[in-house]
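Derivation of every value follows stated rules applied to the coordinates shown; laboratory data play no part. Worth saying up front: this structure is predicted, and the values here are computed from it rather than measured. Every residue, glycine among them, receives a Cβ derived from its backbone with ideal geometry; neighbour counts consider all protein chains shown.
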Amino acid sequence: MTILHIDSSILGGYSVSRSLSADIVARQQALHPDSKVIYHDLVIDAALHLSDHHMAVVQGGAVTDPVIGADLAAGGAYIDELFAADIIVIGAPMYNFSIPSQLKAWIDRVCVAGRTFQYGANGPEGMLPKGKKVFIASSRGGVYTGDSPAAVLEHHETYLRGVLGFIGLTDVTVVRAEGLNLGEEAKAAAIAKAKTEIAALAA
């Protein structure tokens, strides 16, 4: 059993999503004692944003910049890790109604035609094997669920579910703590609720 653990919050030890993702990994390790964990902190070790240099190499050009070459190699390793993982845990705070740019850069490395998706007669098809479980540790300052007027601005969890499903990762569980900026009482209640959900996760 292999667990792939991704964090993307810039808040370090103050991050709620990092705390929740760590709890999810600990819960999965308790359920699967022989599991191993592959961890990436995308803030400390961030992929580069896609550029014309990347695309030139992807389209058959020579690697003339060793930095780009190393970044493309890291992207290939990210894909290999996704195929090897049985469980994927992603710490994903909401920044400006969407995901952190560090997480988007990782996504741009793992969404690659011919590797993780392909176009068939019926349109795009995810190429990752079925049976993988994904857990998203979601943290948000406001409230974007239910009949909240801010729901229209939610391009965070919906984006992650969509792009993960695009490459074949459809078994997605979201553990959410939202309303974190609405006062200390609301924050504590949201975190406590999320941690209770994590403790109840089954194998």
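At-a-glance table
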{"read-out": "Volume of the Cα convex hull of the stretch 88-174, divided per residue and given in Å³", "value": "105"}
{"read-out": "At R0 = 41 Å, FRET efficiency that the Cβ-Cβ distance of Ala56 and Thr170 yields, to 0.05", "value": "0.80"}
{"read-out": "Leu201 versus Asn122: modelled label distance in nm, points set 7 Å from Cα along the beta carbon direction", "value": "3.1"}
{"read-out": "Centre separation in Å (Cα based) which lies between the stretch 145-199 and the stretch 32-78", "value": "28"}
{"read-out": "Three-way shape label, the stretch 14-72, alpha-carbon gyration tensor, a/c 1.5", "value": "prolate"}
{"read-out": "Structure-derived Cα extents along the principal axes in Å - corresponding label in (i) 66, 44, 24; (ii) 57, 35, 33; (iii) 56, 39, 38", "value": "(iii)"}
{"read-out": "At 1.306 mPa s and 10 °C, Stokes D of the stretch 126-203 from Kirkwood alpha-carbon radius, µm² per second", "value": "115"}
